[in-house]
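Scroll down for the structure; my scribbles are underneath it.
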Amino acid sequence: MKQREGFSSGLTVFLVTLSSAVGLGNIWLFPYLTGSNGGAAFILIYLLCIAIVGLPVMLCEFFMGRRTKKNIIGAVTTLSNKKAFKSIGYLGMASTAMIAFFYAVVAGWVYSYVLKSITGTFKGVTNTEVKEIFTSSTTSIFPPAIWVFIVLTVVSIILISGVKKGIEKVTKVLMPILLILLVICVIKSLTLSGAKEGIEFLFKPDFSKVNMAVVVSALGLSFFKLSLGMGTMTTYASYYTKDSNLYGNAAKVIISDTLVSLLAGLAIFPAVFSFGLDPSSGPSLLFETIPLIFSKIPGGSILIVAFFLTAAFASTMALISMIEVLVAYFTEEKKMDRTKAVIIIVSVIFIVSAITSMTVSGGILSKYPLFDTFDKLTSSILLPLGGLIIAIFIGWFVNKKDFLDELSNEGALKQNITAAKISYIIIKFVTPILLIIVFLSSIGVI
Ligand code: PHE
């Protein structure tokens, strides 16, 4: 049998996992959700969700992947012979596919904005022009689909090249560039006059805007952000080295991902306030407000290329991690050749995404709100549901000793043993109860 591929070192384990977490979630969702839900108050709730739910579920997924070295279905069936839990795998794959359907569309817009930035489309644009550009980029029939095609072609080439020669190699180059580009944007934004207000907005909590709906969206964001609840982290962990420290890696990934989100906030909000724009403009923050701001600042025409390139790199790597869940399943469980699996999966994603791209508001198929449905259904329901089943599975149906052994590298990492015992209790009781409460209240039962 062909030997299973894996990542080559602890550093790549960290970088590749981070490359799945960092994506449009940091650069697009995090800023606009923070902007519309009370700034720092939302961030605090988000951090709480990560601590009580995100970290435990991430540990469960790391455990499932590295223990079994298998794709999501293979992992679940290896750990338990209860057929019902295969649902974790199927639910997970359905969620990743649904996310990919709308994610590829937004990634397509981002790619098109890279080109527009390079060709100077945003030079001297006005408020109305920026809106017109966004509307025409998202609602014309073919261009969005063509951009989706370009995004998916790039993704396929990397996926076909393999886990080591594709995913690992590209990540090692792109992640550092992404971080540098982002920091440059932050520095520029922070040095604008009036930046202080934006910083205050990000770090001074306004709890008057917080209600249950805000908690639900913070919870959904924490799953989406950390690529949890659907097997992405399980799949990547199945490529981890035996000696990598799962705890350390989870902590590093979560902290770094949160820092990237905050950096994106720091690149955006000081500039938004400096120009007297609306921080709660919603999804258009990235595609309208940002170009408008960059058109007004000195050196903006170069910075905007940097900004959208960052977003393009991030969305490409996140998409790769979603699709790898499906590729790993088809190559391992269905014994399909990797190239063939990638081509089939990506073709299906292309067709559905191309249709989805026409269902945004103003699009020719806007009567059928597929885009919004995929987005809402995954973040608010399917991912937390996946997380709930995963926590119940690990807490109640998997051998506790296996969990403690894996998280402490068979006892070699002594400090992890106590931490794993505490996490186990949280996974068994706290995480499921919390998820159930949030769920019930989100559907109005309590
Ligand atoms: N975490 C990614 C982001 O923030 C999105 C993602 C979701 C990636 C699901 C993989 C799986 O953009």
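The values are calculated or read from the model by the stated rules, or taken from the named source; none is laboratory data. Just so it is clear, the structure is predicted and the values come from calculations on it, not from any experiment. For neighbour counting, all protein chains shown are included, and Cβ atoms are generated from backbone atoms with ideal geometry for every residue, glycine included. SASA here: full protein model, heavy atoms, side chains in, ligands and nucleic acids out. Shrake-Rupley method; radii C 1.70, N 1.55, O 1.52, S 1.80 Å.
Consider Gly248 against the criteria (1) within 16 Å of the ligand (Cβ to nearest atom); (2) modelled with pLDDT of 95 or more: it satisfies all of them except one. Which criterion is unmet?
The one condition Gly248 does not meet is (1).
Filter the stretch 75-96 down to the residues that are buried (at least 20 other Cβ atoms within 10 Å of the Cβ) and of a type outside the set (A, V, I, L, M, F, W, C), then identify the one that is farthest from the ligand (Cβ to nearest atom).
So, considering only residues that are buried (at least 20 other Cβ atoms within 10 Å of the Cβ) and of a type outside the set (A, V, I, L, M, F, W, C), the one farthest from the ligand (Cβ to nearest atom) is Gly89.
With respect to Ser256, is the statement that it is open to solvent by 10 Å² or more (accessible area, probe 1.4 Å), out of contact with any His (no Cβ under 8 Å at 6 or more places or on another chain) and within 16 Å of the ligand (Cβ to nearest atom) true? First the steps, then the outcome.
On the way: open to solvent by 10 Å² or more (accessible area, probe 1.4 Å): yes; out of contact with any His (no Cβ under 8 Å at 6 or more places or on another chain): yes; within 16 Å of the ligand (Cβ to nearest atom): yes.
The answer is yes for Ser256.
Can you tell me which residue among Ile304, Ile394, Ile343 is more than 14 Å from the ligand (Cβ to nearest atom) and surrounded by fewer than 19 Cβ atoms within 10 Å (Cβ to Cβ)? Give the steps one after another, and end with the answer.
On the way: Ile304 fails: surrounded by fewer than 19 Cβ atoms within 10 Å (Cβ to Cβ); Ile394 fails: surrounded by fewer than 19 Cβ atoms within 10 Å (Cβ to Cβ).
Checking each option against the conditions leaves just Ile343.
Residues that are touching a residue at least 60 places away in the same chain (Cβ under 8 Å) and in contact with a Gly (Cβ under 8 Å, 6 or more places away or on another chain): which helices (runs of 4 or more DSSP H) entirely in the stretch 356-436 hold 3 or more of them?
Details: elements: 370-376, 383-392, 400-407, 414-425.
Helices (runs of 4 or more DSSP H) meeting the threshold: 383-392.
What are the residues in the stretch 183-238 that are at negative phi, of a type in the set (Ser, Thr, Tyr) and either surrounded by fewer than 20 Cβ atoms within 10 Å (Cβ to Cβ) or at pLDDT 95 or above (or both), if any?
Let us first name the residues in the stretch 183-238 that are at negative phi, namely 183-193, 195-226, 228, 230, 232-238.
Then drop every residue that is not of a type in the set (Ser, Thr, Tyr), which leaves 189, 191, 193, 208, 217, 222, 232, 234-236, 238.
Correct list: Thr191, Ser193, Ser208, Ser222, Thr232, Thr234, Thr235, Tyr236, Ser238.
If we keep just the residues of the stretch 410-446 that are open to solvent by 30 Å² or more (accessible area, probe 1.4 Å) and on the phi > 0 side of the Ramachandran plot, which is farthest from the chain's Cα centre (by Cα)?
Glu410
Can you tell me which condition Glu168 does not meet? The list is (1) of a type in the set (D, E, K, R); (2) open to solvent by 20 Å² or more (accessible area, probe 1.4 Å); (3) under 30 Å from Tyr236 (Cα atoms), and all the others hold.
Exception for Glu168: condition (2).
Restricting to the stretch 1-42, give me the number of residues that are away from the ligand (no atom under 15 Å from the Cβ), aliphatic (A, V, I, L, M) and in contact (Cβ under 8 Å) with a residue 60 or more places away in the chain.
The qualifying residues number 3.
Conditions: (1) surrounded by fewer than 19 Cβ atoms within 10 Å (Cβ to Cβ); (2) more than 16 Å from the ligand (Cβ to nearest atom); (3) of a type in the set (S, T, N, Q). Ser274 meets all but one. Number of the miss?
Here Ser274 clears every test but (1).
A quick yes/no check of all residues on (1) among the acidic types (Asp, Glu); (2) at pLDDT 90 or above:
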position: Phe122; (1), (2): no, yes
position: Glu129; (1), (2): yes, yes
position: Thr139; (1), (2): no, no
position: Val151; (1), (2): no, yes
position: Val155; (1), (2): no, yes
position: Ile158; (1), (2): no, yes
position: Val163; (1), (2): no, yes
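Taking the stretch 51-69 only, how many residues are crowded, with 24+ Cβ neighbours inside 10 Å and either touching a Ser or Thr at 6+ places or on another chain (Cβ under 6 Å) or on the phi > 0 side of the Ramachandran plot (or both)?
Number satisfying all stated conditions: 7.
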